[in-house]
Amino acid sequence: MNINNFLQKIKKEKPTPKWIFISKSILFWTMFVLFVFIGVVSISLIIYSLFNSDFNINNTNLELQIKFIFNSLPYVWIIITALFFVVSYLNIRKTENAYKFLSMKNILLALVVTFVLAIVFYNIGFSKFLDKNLQENIPVYKNYMSQHMFDVWNNPDEGLLIGKIKEITTNNQIILDTYDQKEWIINTNENTTIRGRVEISIGSGIKIIGTKTGNNTFEAQEIRPEMGMMMQNNQMMNMMNN
């Protein structure tokens with residue numbers, strides 16, 4: 001191609017309108033803010049889920065504590081958070097000045113800001129509000145969280161039980177109906193610790209840490225409230241039956 005043809009080609013090409021660059025910039029920053037918000041919300045829900053699952057089980061051995069913590073992790077939100085970071089990274093890489101945004105300093109700063117905002121969301125109760133509304137309005141999410149809690153706490157061989165109080169006897173025993181429709185005799189004594197706002201009354205939901213002593217007997221070391229992540233009685237029973 002000679003110089004004349006090259007100059008003629010340049011003359012024929014029209015410059016890209018300025019509004020296209022502006023629109024791309026607005027779209028990029030809008031998507032970036034959206035991804036940051038999703039990341040903050042996801043991490044705040046991870047924090048809420050962990051604390052709401054009572055992952056501190058100090059009366060058990062270290063192996064069970066570690067296993068319990070891993071079982072309690074809200075993997076659905078961890079996956080969403082991971083996807084948020086990947087999409088954000090790929091989105092920034094497409095920008096003209098990607099090398100500036102993707103410096104180690106900026107990445108660390110973005111992570112710190114995200115985690116700080118997530119903690120703020122958790123402390124002001126936004127994550128609790130969002131989790132409650134998701135469970136009330138999205139059946140799939142509600143069933144997932146309920147099943148997740150059941151899977152974590154319905155492990156009598158490992159010293160964990162969850163269910164509803166069916167009966168309270170005069171000799172320090174609690175008859176517990178678990179959500180897989182089994183009945184357990186829970187023995188308590190003066191060393192049994194009561195944590196949180198537990199109501200030891202018929203129909204109350206409780207979580208128990210202790211030791212399995214027979215096919216349907218259990219020695220309670222600690223009793224906790226069921227908290228708010230489980231479905232109520234008949235709903236949970238129906239879910240387990242299905």
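The values are calculated or read from the model by the stated rules, or taken from the named source; none is laboratory data. In this text, all values refer to a predicted model and were calculated from it rather than measured experimentally. Counting neighbours? That spans all protein chains shown, and the Cβs are built from the backbone with ideal geometry, glycine included.
Residues in the range 101-128 that are assigned to a loop (DSSP other than H, G, I, E, B) and within 21 Å of Phe51 (Cα to Cα) were compared, and the one that is modelled with the lowest pLDDT is Gly125.
Tell me, please, whether a residue that is surrounded by 15 or more Cβ atoms within 10 Å (Cβ to Cβ) and touching a Pro at 6+ places or on another chain (Cβ under 8 Å) can be found in the range 133-144. No: zero hits. Selection over the range 156-211 of residues that are part of a loop (DSSP other than H, G, I, E, B) and among the acidic types (Asp, Glu) gives a count of 3. Mind checking which pairs have a first residue in the range 149-175 that is crowded, with 21+ Cβ neighbours inside 10 Å and a second that is basic (Lys, Arg) and modelled with pLDDT under 90, Cβ under 8 Å, 6 or more apart or different chains? As it stands, the answer is Trp153/Lys207; Leu160/Lys207; Leu161/Lys207; Ile162/Lys207, since those pairs meet every condition given. Taken together, the criteria exclude Ile138 from residues that are modelled with pLDDT of 80 or more and more than 23 Å from the chain's Cα centre (by Cα).
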